[in-house]
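The values are calculated or read from the model by the stated rules, or taken from the named source; none is laboratory data. Computed from a predicted model, the values in this text were never measured in an experiment. Quick note on the areas: whole protein, heavy atoms, side chains included, nothing else; ligands and nucleic acids left out. Shrake-Rupley method; radii C 1.70, N 1.55, O 1.52, S 1.80 Å.
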Amino acid sequence: MMVRLFAAGVPIVVGAIWYNPYLLGRLWSNGTGIAKEKMSAGKLALTIALAYIGSYYIARALGSVVIHQYGIYSMLAAEPDMQDKGSALANTVQGLMDKYGHDFRTFKHGAYHGMFMGLWVVLPVLVIIGFMECKKLCWIAVHAAFWVMCLALMGGIICQYMP
């Protein structure tokens, strides 16, 4: 759980840097049409809290994508023998996990899958929303690149450090 809590902070930290006026904040602001005064006004604490909560749910979902070993548990979760320690099924699964449980559990592997979640899921959603709301292409590009980077970092952290 601590790993997910840590990974959920990635979009907050990266966002503070990414959307800073000295990096891509002005480009984002031009793409949205929101004036600087309006951006700084409002409920910053509430925005950060909601962003963190949303990022936590993203981190929970990413675990299923970046850690392939979770698949065997979800596939067999409804099997009665799976809950019975010492059963043939439980022993087989434990044997598989002992032998293969650490395969593909690297930061690089998790970042790879996180990056593709950004490209295959987030990018199309942002393109649809952006075009339907008549946003500028820079708005889509700034947000898409941000989420591809965040999901790559989150996926890497979760894959490498989740027990």
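Worth pointing out:
- Quarter the surface of the alpha carbon convex hull of segment 57-143 and you get the mean projected area, 7.6 square nanometres.
- Cα-based helix-to-principal-axis angle, 88-100 vs the chain, degrees rounded to 10: 60 degrees
- What segment 65-139 shows is 69 Å² of accessible area per residue, with the surface traced by a 1.4 Å probe over protein heavy atoms.
- Distances between every pair of Cα atoms in segment 40-101, grouped in 10 Å steps from 0 to the bin holding the largest one, split as 19, 31, 20, 15, 11, 4, 0 percent.
- Pairs of Lys in the chain closer than 20 Å at Cα, counting only those 8 or more apart or on different chains: 5
- Between 0 and 90 degrees, the angle of helix 137-161 with respect to the longest Cα principal axis of the chain falls at about 30 degrees.
- Across the chain, the mean sequence separation of Cα contacts (distance under 8 Å, 6 or more residues apart), normalised by length, yields a relative contact order of 35 percent.
- Using a probe radius of 1.4 angstrom, the carbon and sulfur fraction of the accessible surface of the chain is 70%.
- Cα-Cα P(r), the chain, percent of pairs per 10 Å interval: 10, 30, 30, 16, 8, 5, 0
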